[in-house]
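The values are calculated or read from the model by the stated rules, or taken from the named source; none is laboratory data. The structure displayed is predicted, hence computed values, not measured ones. Note that each Cβ is placed from the backbone with ideal geometry, even for glycine, and that neighbours are counted across all protein chains shown. With ligands, DNA and RNA removed, areas are computed over all heavy atoms of the protein, side chains included. Shrake-Rupley method; radii C 1.70, N 1.55, O 1.52, S 1.80 Å.
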Amino acid sequence: QFPFGRRLPCDIYWHGVSFHDNDIFSGQVNKFPGMTEMVRKITLSRAVRTMQDLFPLEYNFYPRSWILPEEFPLFVDEVRMMKDGDPSWKPTFIVKPDGGCQGDGIYLIKDPSDIRLTGSVQSRPAVVQEYICKPLLVDKLKFDIRLYVLLKSLEPLEIYIAKDGLSRFCTEPYQEPTLKNLHQVFMHLTNYSLNIHSGNFIHSDNVNTGSKRTFSSILCRLSSRGADVKKLWSDIISLVIKTIIALTPELKVYYQSDIPAGKPGPTCFQILGFDILLMKNLKPMLLEVNANPSMRIEHEQELSPGVFENVPSPVDEEVKVAVIRDTLRLVDPQKKKRKDVQQHIESCKNTVNVRYNYFLCYRCQTLEHVSEANEELLDAGPADRRECGGTPSPEAGLPSLCLKQVFPKYAKQFNYLRLVDRVAALFIRFLGVKGTTKLGPTGFRTFIRNCKLSNSNFSMASVDILYIDITRRWNSMGIDHKESGMCLQAFVEAFFCLAQKKYKSLPLHEQVASLIDFCEYHLAALDEKRLVCGRG
(Lines give C-alpha, C1' and ligand atoms only; values in the text may rest on other atoms or scores of the structure.)
Protein backbone atom coordinates (compact mmCIF):
# COMPACT_ATOMS: atom_id res chain seq x y z
CA GLN A 1 0.00 0.00 0.00
CA PHE A 2 1.22 3.48 -0.92
CA PRO A 3 -1.03 6.00 0.87
CA PHE A 4 1.15 8.92 -0.33
CA GLY A 5 1.58 7.72 -3.90
CA ARG A 6 4.50 5.96 -5.56
CA ARG A 7 7.28 7.30 -7.76
CA LEU A 8 8.07 4.20 -9.78
CA PRO A 9 5.40 3.16 -12.32
CA CYS A 10 3.28 0.02 -11.81
CA ASP A 11 1.66 -2.43 -14.19
CA ILE A 12 -1.65 -2.28 -12.27
CA TYR A 13 -2.92 0.33 -9.82
CA TRP A 14 -5.69 -0.67 -7.43
CA HIS A 15 -7.43 2.47 -6.17
CA GLY A 16 -9.75 2.38 -3.19
CA VAL A 17 -12.46 4.85 -4.23
CA SER A 18 -12.00 6.57 -7.59
CA PHE A 19 -9.79 7.06 -10.63
CA HIS A 20 -8.45 10.27 -9.06
CA ASP A 21 -7.02 8.62 -5.92
CA ASN A 22 -3.54 9.25 -7.40
CA ASP A 23 -2.06 10.79 -10.54
CA ILE A 24 -1.00 8.03 -12.90
CA PHE A 25 0.42 8.17 -16.42
CA SER A 26 0.85 4.55 -17.48
CA GLY A 27 -0.22 1.00 -16.74
CA GLN A 28 -3.77 0.02 -15.82
CA VAL A 29 -6.00 1.40 -13.06
CA ASN A 30 -9.03 -0.37 -11.58
CA LYS A 31 -11.34 2.66 -11.90
CA PHE A 32 -12.82 4.58 -14.81
CA PRO A 33 -12.95 8.37 -14.57
CA GLY A 34 -16.55 9.42 -14.02
CA MET A 35 -17.87 5.98 -13.00
CA THR A 36 -18.73 7.05 -9.43
CA GLU A 37 -20.77 9.97 -10.81
CA MET A 38 -22.41 7.84 -13.52
CA VAL A 39 -23.87 5.21 -11.19
CA ARG A 40 -25.33 7.68 -8.70
CA LYS A 41 -29.07 7.10 -8.55
CA ILE A 42 -30.09 10.26 -10.43
CA THR A 43 -27.49 9.95 -13.21
CA LEU A 44 -28.23 6.23 -13.68
CA SER A 45 -31.98 6.96 -13.82
CA ARG A 46 -31.43 9.67 -16.45
CA ALA A 47 -29.19 7.42 -18.57
CA VAL A 48 -31.69 4.53 -18.46
CA ARG A 49 -34.61 6.89 -19.15
CA THR A 50 -32.91 8.11 -22.34
CA MET A 51 -32.71 4.49 -23.47
CA GLN A 52 -36.34 3.89 -22.40
CA ASP A 53 -37.38 6.78 -24.64
CA LEU A 54 -35.64 5.09 -27.58
CA PHE A 55 -36.33 1.43 -26.76
CA PRO A 56 -39.13 1.19 -24.17
CA LEU A 57 -39.58 -2.60 -24.39
CA GLU A 58 -35.87 -3.39 -24.19
CA TYR A 59 -35.41 -1.23 -21.07
CA ASN A 60 -38.45 -2.30 -19.05
CA PHE A 61 -36.19 -3.86 -16.40
CA TYR A 62 -35.82 -0.57 -14.51
CA PRO A 63 -38.68 0.68 -12.30
CA ARG A 64 -40.54 3.85 -13.30
CA SER A 65 -38.59 6.71 -11.70
CA TRP A 66 -38.89 10.43 -10.96
CA ILE A 67 -36.11 12.79 -9.90
CA LEU A 68 -36.66 15.02 -6.87
CA PRO A 69 -37.06 17.90 -6.34
CA GLU A 70 -37.26 18.99 -10.02
CA GLU A 71 -39.85 16.38 -11.11
CA PHE A 72 -42.00 16.42 -8.00
CA PRO A 73 -44.93 18.22 -9.74
CA LEU A 74 -44.67 15.74 -12.64
CA PHE A 75 -44.65 12.84 -10.15
CA VAL A 76 -47.80 14.13 -8.45
CA ASP A 77 -49.60 14.65 -11.79
CA GLU A 78 -48.66 11.28 -13.27
CA VAL A 79 -49.67 9.34 -10.15
CA ARG A 80 -53.00 11.15 -10.05
CA MET A 81 -53.63 10.38 -13.76
CA MET A 82 -52.77 6.69 -13.28
CA LYS A 83 -55.07 6.43 -10.27
CA ASP A 84 -57.89 8.13 -12.20
CA GLY A 85 -57.37 5.64 -15.05
CA ASP A 86 -57.32 2.64 -12.71
CA PRO A 87 -59.02 3.25 -9.31
CA SER A 88 -57.94 -0.24 -8.14
CA TRP A 89 -54.23 0.70 -8.49
CA LYS A 90 -52.78 1.11 -5.00
CA PRO A 91 -49.08 1.73 -5.53
CA THR A 92 -46.16 1.95 -3.13
CA PHE A 93 -43.11 4.09 -3.88
CA ILE A 94 -39.57 3.96 -2.57
CA VAL A 95 -37.53 7.15 -2.06
CA LYS A 96 -33.73 6.82 -2.40
CA PRO A 97 -31.34 9.73 -1.70
CA ASP A 98 -29.04 10.34 -4.69
CA GLY A 99 -25.74 9.95 -2.87
CA GLY A 100 -26.96 7.42 -0.30
CA CYS A 101 -25.48 3.98 0.20
CA GLN A 102 -26.02 0.96 2.46
CA GLY A 103 -29.73 1.78 2.79
CA ASP A 104 -29.08 5.23 4.28
CA GLY A 105 -32.11 7.54 4.03
CA ILE A 106 -34.34 5.12 2.08
CA TYR A 107 -38.05 5.02 2.97
CA LEU A 108 -41.38 3.82 1.53
CA ILE A 109 -44.50 5.92 0.86
CA LYS A 110 -48.04 5.24 -0.38
CA ASP A 111 -48.77 8.73 -1.72
CA PRO A 112 -46.70 11.63 -3.20
CA SER A 113 -47.87 13.83 -0.32
CA ASP A 114 -45.87 11.59 2.07
CA ILE A 115 -42.52 12.70 0.61
CA ARG A 116 -40.43 14.54 3.18
CA LEU A 117 -39.97 17.79 1.29
CA THR A 118 -39.03 19.89 4.31
CA GLY A 119 -35.54 20.86 3.28
CA SER A 120 -34.03 17.39 3.01
CA VAL A 121 -34.87 16.81 -0.67
CA GLN A 122 -33.82 20.36 -1.55
CA SER A 123 -30.40 19.87 0.03
CA ARG A 124 -30.20 16.15 -0.79
CA PRO A 125 -31.79 15.25 -4.16
CA ALA A 126 -33.39 11.84 -4.49
CA VAL A 127 -35.00 9.37 -6.87
CA VAL A 128 -38.51 8.08 -6.19
CA GLN A 129 -39.43 4.77 -7.84
CA GLU A 130 -42.38 2.48 -8.09
CA TYR A 131 -41.80 -0.20 -5.43
CA ILE A 132 -41.79 -3.82 -6.64
CA CYS A 133 -44.54 -5.33 -4.47
CA LYS A 134 -44.40 -8.91 -5.75
CA PRO A 135 -40.80 -10.11 -5.41
CA LEU A 136 -39.73 -13.74 -5.55
CA LEU A 137 -39.56 -15.12 -1.99
CA VAL A 138 -37.32 -17.87 -0.63
CA ASP A 139 -38.24 -19.22 2.81
CA LYS A 140 -40.90 -16.46 2.89
CA LEU A 141 -38.13 -13.84 2.79
CA LYS A 142 -37.41 -11.13 0.24
CA PHE A 143 -33.85 -11.11 -1.16
CA ASP A 144 -31.77 -9.41 -3.83
CA ILE A 145 -28.77 -10.52 -5.88
CA ARG A 146 -25.36 -8.85 -5.95
CA LEU A 147 -23.65 -9.77 -9.21
CA TYR A 148 -20.09 -8.74 -10.00
CA VAL A 149 -19.47 -7.35 -13.47
CA LEU A 150 -16.04 -6.54 -14.91
CA LEU A 151 -15.94 -3.67 -17.40
CA LYS A 152 -12.55 -4.59 -18.89
CA SER A 153 -12.50 -1.99 -21.64
CA LEU A 154 -14.61 0.92 -22.86
CA GLU A 155 -13.27 1.13 -26.40
CA PRO A 156 -13.69 -1.54 -27.61
CA LEU A 157 -16.45 -2.45 -25.16
CA GLU A 158 -15.60 -5.61 -23.21
CA ILE A 159 -17.84 -6.95 -20.42
CA TYR A 160 -17.52 -10.01 -18.16
CA ILE A 161 -20.04 -11.35 -15.62
CA ALA A 162 -19.11 -13.51 -12.63
CA LYS A 163 -20.73 -16.94 -12.80
CA ASP A 164 -21.76 -16.69 -9.15
CA GLY A 165 -22.91 -13.86 -6.90
CA LEU A 166 -24.42 -13.20 -3.48
CA SER A 167 -28.05 -13.47 -2.39
CA ARG A 168 -28.76 -11.07 0.48
CA PHE A 169 -31.86 -11.73 2.51
CA CYS A 170 -34.24 -9.64 4.57
CA THR A 171 -34.62 -10.86 8.13
CA GLU A 172 -38.40 -10.63 8.61
CA PRO A 173 -41.03 -12.57 6.59
CA TYR A 174 -42.26 -10.48 3.66
CA GLN A 175 -45.74 -8.98 3.43
CA GLU A 176 -46.96 -6.63 0.72
CA PRO A 177 -46.62 -2.98 1.86
CA THR A 178 -49.40 -1.50 3.98
CA LEU A 179 -49.51 1.66 6.04
CA LYS A 180 -48.79 -0.50 9.11
CA ASN A 181 -45.62 -2.20 7.83
CA LEU A 182 -44.10 0.49 5.56
CA HIS A 183 -41.46 1.32 8.16
CA GLN A 184 -40.29 -2.26 8.77
CA VAL A 185 -36.91 -2.04 7.05
CA PHE A 186 -35.95 -5.65 7.87
CA MET A 187 -38.97 -6.78 5.83
CA HIS A 188 -38.64 -4.48 2.80
CA LEU A 189 -34.96 -3.50 2.40
CA THR A 190 -32.44 -6.16 1.44
CA ASN A 191 -29.33 -4.10 2.28
CA TYR A 192 -26.82 -6.26 4.16
CA SER A 193 -25.61 -3.21 6.15
CA LEU A 194 -29.15 -2.79 7.56
CA ASN A 195 -30.10 -6.42 8.15
CA ILE A 196 -26.82 -7.22 9.91
CA HIS A 197 -28.27 -5.28 12.88
CA SER A 198 -31.39 -7.48 13.04
CA GLY A 199 -31.61 -10.04 15.81
CA ASN A 200 -32.78 -12.53 13.15
CA PHE A 201 -29.67 -12.21 10.99
CA ILE A 202 -28.02 -15.63 10.53
CA HIS A 203 -24.29 -15.97 9.81
CA SER A 204 -23.80 -19.37 8.24
CA ASP A 205 -20.74 -21.39 7.25
CA ASN A 206 -22.93 -23.06 4.62
CA VAL A 207 -23.37 -21.21 1.29
CA ASN A 208 -26.92 -22.66 0.98
CA THR A 209 -28.33 -21.27 4.24
CA GLY A 210 -28.33 -18.13 6.35
CA SER A 211 -29.00 -14.47 5.60
CA LYS A 212 -26.31 -14.32 2.91
CA ARG A 213 -25.99 -17.17 0.42
CA THR A 214 -24.48 -17.79 -2.99
CA PHE A 215 -26.68 -17.00 -5.99
CA SER A 216 -25.88 -20.46 -7.38
CA SER A 217 -27.58 -22.04 -4.34
CA ILE A 218 -30.76 -20.10 -5.19
CA LEU A 219 -30.52 -21.19 -8.84
CA CYS A 220 -30.22 -24.85 -7.74
CA ARG A 221 -33.32 -24.45 -5.63
CA LEU A 222 -35.24 -22.80 -8.47
CA SER A 223 -34.09 -25.48 -10.90
CA SER A 224 -35.34 -28.22 -8.56
CA ARG A 225 -38.76 -26.54 -8.69
CA GLY A 226 -38.75 -26.68 -12.50
CA ALA A 227 -37.83 -23.03 -13.16
CA ASP A 228 -36.09 -22.19 -16.44
CA VAL A 229 -32.72 -21.18 -14.99
CA LYS A 230 -31.07 -20.80 -18.44
CA LYS A 231 -33.65 -18.19 -19.44
CA LEU A 232 -33.17 -16.39 -16.13
CA TRP A 233 -29.40 -16.17 -16.72
CA SER A 234 -30.02 -14.99 -20.28
CA ASP A 235 -32.32 -12.22 -18.99
CA ILE A 236 -29.72 -11.17 -16.39
CA ILE A 237 -26.95 -11.01 -19.02
CA SER A 238 -29.23 -8.92 -21.23
CA LEU A 239 -29.99 -6.55 -18.32
CA VAL A 240 -26.27 -6.08 -17.57
CA ILE A 241 -25.27 -5.42 -21.19
CA LYS A 242 -28.13 -2.97 -21.75
CA THR A 243 -27.34 -1.09 -18.53
CA ILE A 244 -23.68 -0.68 -19.48
CA ILE A 245 -24.71 0.42 -22.99
CA ALA A 246 -26.77 3.15 -21.28
CA LEU A 247 -23.72 4.25 -19.22
CA THR A 248 -20.95 4.15 -21.85
CA PRO A 249 -21.74 7.39 -23.77
CA GLU A 250 -21.09 9.65 -20.79
CA LEU A 251 -18.23 7.48 -19.54
CA LYS A 252 -16.50 8.13 -22.87
CA VAL A 253 -16.88 11.89 -22.35
CA TYR A 254 -15.27 11.60 -18.89
CA TYR A 255 -12.56 9.31 -20.29
CA GLN A 256 -11.46 11.68 -23.08
CA SER A 257 -11.44 14.51 -20.55
CA ASP A 258 -9.06 12.75 -18.15
CA ILE A 259 -7.10 10.70 -20.68
CA PRO A 260 -7.07 12.72 -23.95
CA ALA A 261 -6.34 10.75 -27.11
CA GLY A 262 -2.73 10.96 -28.22
CA LYS A 263 -1.38 11.74 -24.74
CA PRO A 264 0.28 9.20 -22.43
CA GLY A 265 -2.10 7.80 -19.87
CA PRO A 266 -3.32 4.60 -18.24
CA THR A 267 -5.97 2.22 -19.49
CA CYS A 268 -8.87 1.40 -17.17
CA PHE A 269 -10.96 -1.52 -15.95
CA GLN A 270 -13.49 -1.72 -13.13
CA ILE A 271 -15.46 -4.24 -11.07
CA LEU A 272 -19.08 -3.10 -10.65
CA GLY A 273 -21.72 -4.45 -8.27
CA PHE A 274 -25.13 -4.93 -9.92
CA ASP A 275 -28.02 -5.19 -7.44
CA ILE A 276 -30.88 -7.12 -9.01
CA LEU A 277 -34.29 -8.13 -7.65
CA LEU A 278 -36.21 -11.11 -9.04
CA MET A 279 -39.95 -10.68 -9.40
CA LYS A 280 -42.35 -13.51 -8.64
CA ASN A 281 -42.42 -14.41 -12.36
CA LEU A 282 -38.56 -14.53 -12.36
CA LYS A 283 -38.19 -11.30 -14.31
CA PRO A 284 -34.96 -9.57 -13.14
CA MET A 285 -35.26 -5.87 -12.21
CA LEU A 286 -32.28 -3.55 -11.79
CA LEU A 287 -32.19 -1.83 -8.39
CA GLU A 288 -28.87 0.00 -8.69
CA VAL A 289 -25.23 -0.23 -9.78
CA ASN A 290 -22.40 0.17 -7.26
CA ALA A 291 -19.06 1.61 -8.43
CA ASN A 292 -17.27 0.42 -5.27
CA PRO A 293 -18.81 -2.88 -4.23
CA SER A 294 -17.55 -4.20 -0.90
CA MET A 295 -14.86 -6.85 -1.24
CA ARG A 296 -14.70 -7.74 2.47
CA ILE A 297 -14.51 -11.46 3.13
CA GLU A 298 -15.15 -11.34 6.87
CA HIS A 299 -17.77 -9.94 9.21
CA GLU A 300 -17.66 -8.52 12.70
CA GLN A 301 -18.78 -10.76 15.55
CA GLU A 302 -19.49 -9.42 19.04
CA LEU A 303 -17.66 -11.53 21.59
CA SER A 304 -18.88 -9.54 24.57
CA PRO A 305 -20.60 -6.15 24.92
CA GLY A 306 -18.53 -3.68 22.88
CA VAL A 307 -15.83 -6.25 22.00
CA PHE A 308 -15.74 -7.37 18.34
CA GLU A 309 -13.53 -9.57 16.21
CA ASN A 310 -13.39 -10.22 12.46
CA VAL A 311 -14.62 -13.69 11.53
CA PRO A 312 -14.14 -15.21 8.03
CA SER A 313 -17.28 -15.36 5.86
CA PRO A 314 -17.17 -18.51 3.65
CA VAL A 315 -19.89 -17.16 1.32
CA ASP A 316 -18.08 -13.88 0.66
CA GLU A 317 -14.76 -15.67 0.29
CA GLU A 318 -16.09 -18.16 -2.25
CA VAL A 319 -17.49 -15.45 -4.53
CA LYS A 320 -15.21 -12.44 -4.05
CA VAL A 321 -11.78 -14.10 -4.05
CA ALA A 322 -12.60 -15.65 -7.44
CA VAL A 323 -13.74 -12.27 -8.84
CA ILE A 324 -10.57 -10.45 -7.76
CA ARG A 325 -8.26 -13.30 -8.79
CA ASP A 326 -9.78 -13.66 -12.25
CA THR A 327 -9.95 -9.91 -12.85
CA LEU A 328 -6.19 -9.79 -12.29
CA ARG A 329 -5.75 -12.79 -14.61
CA LEU A 330 -7.71 -11.02 -17.36
CA VAL A 331 -5.87 -7.70 -17.09
CA ASP A 332 -2.43 -9.27 -16.47
CA PRO A 333 -0.06 -7.29 -18.74
CA GLN A 334 2.19 -10.35 -19.06
CA LYS A 335 -0.71 -12.35 -20.52
CA LYS A 336 -0.51 -10.53 -23.85
CA LYS A 337 3.24 -11.18 -24.01
CA ARG A 338 2.66 -14.89 -23.39
CA LYS A 339 -0.09 -14.90 -26.01
CA ASP A 340 2.26 -13.25 -28.52
CA VAL A 341 4.90 -15.90 -27.78
CA GLN A 342 2.34 -18.67 -28.32
CA GLN A 343 1.23 -17.09 -31.61
CA HIS A 344 4.88 -16.93 -32.64
CA ILE A 345 5.28 -20.64 -31.81
CA GLU A 346 2.11 -21.40 -33.82
CA SER A 347 3.56 -19.43 -36.73
CA CYS A 348 6.85 -21.32 -36.45
CA LYS A 349 4.97 -24.61 -36.32
CA ASN A 350 3.06 -23.76 -39.50
CA THR A 351 6.29 -22.71 -41.21
CA VAL A 352 7.90 -25.98 -40.17
CA ASN A 353 4.97 -27.96 -41.57
CA VAL A 354 5.07 -26.06 -44.88
CA ARG A 355 8.82 -26.60 -45.28
CA TYR A 356 8.62 -30.22 -44.15
CA ASN A 357 8.30 -31.66 -47.67
CA TYR A 358 11.30 -29.72 -48.92
CA PHE A 359 13.86 -30.90 -46.40
CA LEU A 360 16.11 -33.88 -46.95
CA CYS A 361 15.13 -37.19 -45.43
CA TYR A 362 17.80 -37.10 -42.73
CA ARG A 363 16.10 -33.89 -41.39
CA CYS A 364 12.60 -35.38 -41.24
CA GLN A 365 12.93 -37.08 -37.88
CA THR A 366 14.26 -33.90 -36.22
CA LEU A 367 11.39 -31.85 -37.63
CA GLU A 368 8.84 -34.34 -36.36
CA HIS A 369 10.24 -33.95 -32.85
CA VAL A 370 10.00 -30.11 -33.12
CA SER A 371 6.44 -30.30 -34.40
CA GLU A 372 5.39 -32.70 -31.64
CA ALA A 373 6.96 -30.48 -28.98
CA ASN A 374 5.09 -27.44 -30.31
CA GLU A 375 1.81 -29.37 -30.35
CA GLU A 376 2.38 -30.39 -26.74
CA LEU A 377 2.98 -26.78 -25.65
CA LEU A 378 -0.02 -25.36 -27.49
CA ASP A 379 -2.46 -28.07 -26.47
CA ALA A 380 -1.45 -28.17 -22.81
CA GLY A 381 -4.22 -27.44 -20.32
CA PRO A 382 -3.92 -24.61 -17.80
CA ALA A 383 -2.60 -26.95 -15.11
CA ASP A 384 0.40 -28.25 -17.07
CA ARG A 385 1.23 -25.47 -19.54
CA ARG A 386 4.86 -24.29 -19.50
CA GLU A 387 6.47 -21.02 -20.45
CA CYS A 388 9.10 -21.04 -23.23
CA GLY A 389 11.91 -21.49 -20.72
CA GLY A 390 10.26 -24.60 -19.30
CA THR A 391 8.97 -22.88 -16.15
CA PRO A 392 5.32 -23.39 -15.15
CA SER A 393 2.85 -20.79 -16.44
CA PRO A 394 1.63 -18.33 -13.75
CA GLU A 395 -1.86 -19.75 -14.35
CA ALA A 396 -0.78 -23.37 -13.89
CA GLY A 397 -3.05 -25.08 -11.38
CA LEU A 398 -5.55 -22.21 -11.16
CA PRO A 399 -9.25 -23.02 -11.54
CA SER A 400 -11.05 -22.05 -14.74
CA LEU A 401 -12.16 -18.41 -14.97
CA CYS A 402 -15.26 -17.51 -12.98
CA LEU A 403 -15.75 -14.45 -15.23
CA LYS A 404 -17.70 -15.09 -18.42
CA GLN A 405 -17.34 -12.74 -21.38
CA VAL A 406 -20.74 -11.48 -22.56
CA PHE A 407 -19.58 -8.59 -24.76
CA PRO A 408 -18.40 -8.54 -27.54
CA LYS A 409 -19.49 -12.22 -27.48
CA TYR A 410 -23.16 -11.19 -27.89
CA ALA A 411 -22.45 -7.88 -29.65
CA LYS A 412 -24.57 -8.73 -32.70
CA GLN A 413 -27.69 -8.99 -30.52
CA PHE A 414 -27.17 -5.61 -28.82
CA ASN A 415 -25.25 -3.28 -31.16
CA TYR A 416 -28.49 -1.77 -32.52
CA LEU A 417 -29.03 -0.23 -29.06
CA ARG A 418 -25.81 1.80 -29.21
CA LEU A 419 -27.33 4.91 -30.79
CA VAL A 420 -26.43 7.28 -27.95
CA ASP A 421 -22.81 6.06 -28.20
CA ARG A 422 -22.76 7.42 -31.76
CA VAL A 423 -24.35 10.70 -30.61
CA ALA A 424 -21.63 10.95 -27.93
CA ALA A 425 -18.95 10.47 -30.63
CA LEU A 426 -20.39 13.52 -32.47
CA PHE A 427 -20.42 15.48 -29.20
CA ILE A 428 -16.78 14.61 -28.43
CA ARG A 429 -15.70 15.52 -31.98
CA PHE A 430 -16.97 19.10 -31.57
CA LEU A 431 -15.80 19.70 -27.99
CA GLY A 432 -12.73 21.40 -29.38
CA VAL A 433 -10.70 21.98 -26.21
CA LYS A 434 -9.13 18.77 -24.89
CA GLY A 435 -9.98 17.99 -21.30
CA THR A 436 -13.44 19.59 -21.34
CA THR A 437 -16.82 17.87 -20.92
CA LYS A 438 -19.06 20.76 -22.05
CA LEU A 439 -19.82 21.97 -25.58
CA GLY A 440 -19.70 25.73 -26.12
CA PRO A 441 -22.02 27.71 -28.45
CA THR A 442 -19.34 27.90 -31.17
CA GLY A 443 -18.86 24.12 -31.09
CA PHE A 444 -22.63 23.59 -31.36
CA ARG A 445 -22.88 25.97 -34.34
CA THR A 446 -19.95 24.20 -36.02
CA PHE A 447 -21.72 20.84 -35.50
CA ILE A 448 -24.89 22.20 -37.14
CA ARG A 449 -22.95 23.76 -40.02
CA ASN A 450 -20.65 20.80 -40.75
CA CYS A 451 -23.56 18.34 -40.65
CA LYS A 452 -25.63 20.65 -42.89
CA LEU A 453 -28.57 20.76 -40.46
CA SER A 454 -29.52 24.45 -40.91
CA ASN A 455 -31.88 25.49 -43.68
CA SER A 456 -34.59 28.07 -44.44
CA ASN A 457 -36.85 26.49 -41.80
CA PHE A 458 -34.10 26.22 -39.18
CA SER A 459 -31.83 29.27 -39.25
CA MET A 460 -28.64 29.76 -37.24
CA ALA A 461 -30.61 32.13 -35.00
CA SER A 462 -32.92 29.20 -34.21
CA VAL A 463 -29.84 27.09 -33.54
CA ASP A 464 -28.64 29.62 -30.93
CA ILE A 465 -32.06 29.72 -29.26
CA LEU A 466 -32.17 25.90 -29.07
CA TYR A 467 -28.68 25.85 -27.54
CA ILE A 468 -29.48 28.53 -24.95
CA ASP A 469 -32.85 27.07 -23.91
CA ILE A 470 -31.67 23.50 -23.42
CA THR A 471 -28.31 24.42 -21.83
CA ARG A 472 -29.92 26.83 -19.38
CA ARG A 473 -32.47 24.22 -18.28
CA TRP A 474 -29.88 21.50 -17.72
CA ASN A 475 -27.58 23.88 -15.85
CA SER A 476 -30.49 24.88 -13.60
CA MET A 477 -30.79 21.21 -12.54
CA GLY A 478 -27.39 21.49 -10.83
CA ILE A 479 -25.52 19.44 -13.42
CA ASP A 480 -21.79 20.17 -12.86
CA HIS A 481 -21.30 23.93 -12.60
CA LYS A 482 -17.50 23.66 -12.75
CA GLU A 483 -17.51 24.65 -16.42
CA SER A 484 -20.08 26.42 -18.55
CA GLY A 485 -21.61 25.00 -21.70
CA MET A 486 -23.79 22.14 -22.91
CA CYS A 487 -23.34 18.76 -21.19
CA LEU A 488 -23.80 15.47 -23.05
CA GLN A 489 -27.37 14.92 -21.71
CA ALA A 490 -28.36 18.38 -23.00
CA PHE A 491 -26.74 17.66 -26.39
CA VAL A 492 -28.63 14.34 -26.60
CA GLU A 493 -31.90 16.18 -25.91
CA ALA A 494 -31.06 18.76 -28.61
CA PHE A 495 -30.14 15.95 -31.03
CA PHE A 496 -33.46 14.16 -30.38
CA CYS A 497 -35.26 17.46 -30.98
CA LEU A 498 -33.46 17.94 -34.34
CA ALA A 499 -34.23 14.32 -35.32
CA GLN A 500 -37.94 14.78 -34.59
CA LYS A 501 -38.04 17.93 -36.71
CA LYS A 502 -36.27 16.34 -39.67
CA TYR A 503 -37.95 12.90 -39.71
CA LYS A 504 -41.47 13.53 -38.43
CA SER A 505 -43.29 10.32 -39.36
CA LEU A 506 -40.83 7.77 -37.90
CA PRO A 507 -40.61 6.31 -34.36
CA LEU A 508 -38.02 8.10 -32.18
CA HIS A 509 -35.25 5.47 -32.44
CA GLU A 510 -35.54 5.50 -36.25
CA GLN A 511 -35.55 9.32 -36.29
CA VAL A 512 -32.36 9.38 -34.21
CA ALA A 513 -30.67 6.62 -36.25
CA SER A 514 -31.52 8.45 -39.50
CA LEU A 515 -30.09 11.75 -38.24
CA ILE A 516 -26.90 10.00 -37.00
CA ASP A 517 -26.45 8.43 -40.47
CA PHE A 518 -27.05 11.84 -42.07
CA CYS A 519 -24.46 13.56 -39.84
CA GLU A 520 -21.85 10.80 -40.19
CA TYR A 521 -22.23 10.89 -44.00
CA HIS A 522 -21.60 14.64 -44.22
CA LEU A 523 -18.70 14.51 -41.75
CA ALA A 524 -17.07 11.63 -43.69
CA ALA A 525 -17.41 13.67 -46.89
CA LEU A 526 -15.88 16.69 -45.13
CA ASP A 527 -12.97 14.59 -43.83
CA GLU A 528 -12.36 13.19 -47.32
CA LYS A 529 -12.39 16.70 -48.80
CA ARG A 530 -9.86 17.90 -46.19
CA LEU A 531 -7.66 14.88 -46.89
CA VAL A 532 -7.65 15.62 -50.63
CA CYS A 533 -6.89 19.30 -49.96
CA GLY A 534 -4.08 18.28 -47.60
CA ARG A 535 -2.52 16.09 -50.28
CA GLY A 536 -2.85 18.94 -52.78
Could you grab the relative contact order for the chain? Cα pairs under 8 Å, six or more apart, rounded to a whole percent. 14 percent
Approximate spin-label separation E309-E130, in nm, with each point projected 7 Å along Cα-to-Cβ: 5.1 nm
Tell me the carbon and sulfur percent of the accessible area for the chain, rounded to whole percent, probe radius 1.4 Å. 55 percent
For the chain, what is the accessible area per residue in Å², given a 1.4 Å probe and the full set of protein chains? 52 Å²
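If packing is taken as the mean number of other Cβ atoms within 10 Å per residue, what is the order of 266-272, 183-189, 14-20, 85-91, highest first?
Result, highest mean first: 266-272, 183-189, 14-20, 85-91.
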Label-point separation (nm) for I196 and K452, each offset 7 Å from Cα along Cα-to-Cβ? 6.2 nm
Modelled FRET efficiency - R0 56 Å, M81 with E298, Cβ distances, 0.05 increments: 0.65
Ordering 523-532, 51-60 by per-residue average of other C-beta atoms within 10 angstrom, highest first, gives 51-60, 523-532
What percentages make up the Cα-Cα pair-distance distribution of the chain when the bins are 10 Å wide from 0? 3, 14, 23, 24, 18, 10, 5, 2, 0, 0
Between K283 and S484, what is 0.36 nm times their sequence separation minus the Cα-Cα distance? Round to one decimal in nm. 68.2 nm
Chain lengthening between H20 and R64 when straightened (0.36 nm per residue, less Cα-Cα): 12.5 nm
Indicate, rounded to the nearest 5 percent, the antiparallel portion of the DSSP beta bridges found entirely in the chain. 95 percent
Estimated FRET transfer efficiency (S88, L179; beta-carbon r; R0 22 Å; 0.05): 0.80
Zero-based 10 Å bins, Cα pair distances in segment 416-531, whole percents: 13, 46, 35, 6, 0
Obtain the radius of gyration and the Kirkwood radius of segment 484-536 from its C-alpha atoms and give Rg over Rh. 1.15
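What FRET efficiency, computed as 1/(1 + (r/R0)^6) with R0 = 25 Å and r the Cβ-Cβ distance, is obtained for S462 and H522, rounded to the nearest 0.05?
So the FRET efficiency works out to roughly 0.85.
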For the residue pair H203 and D11, what label-to-label distance in nm results when each label sits 7 Å from Cα along the Cα-to-beta-carbon direction? 3.6 nm
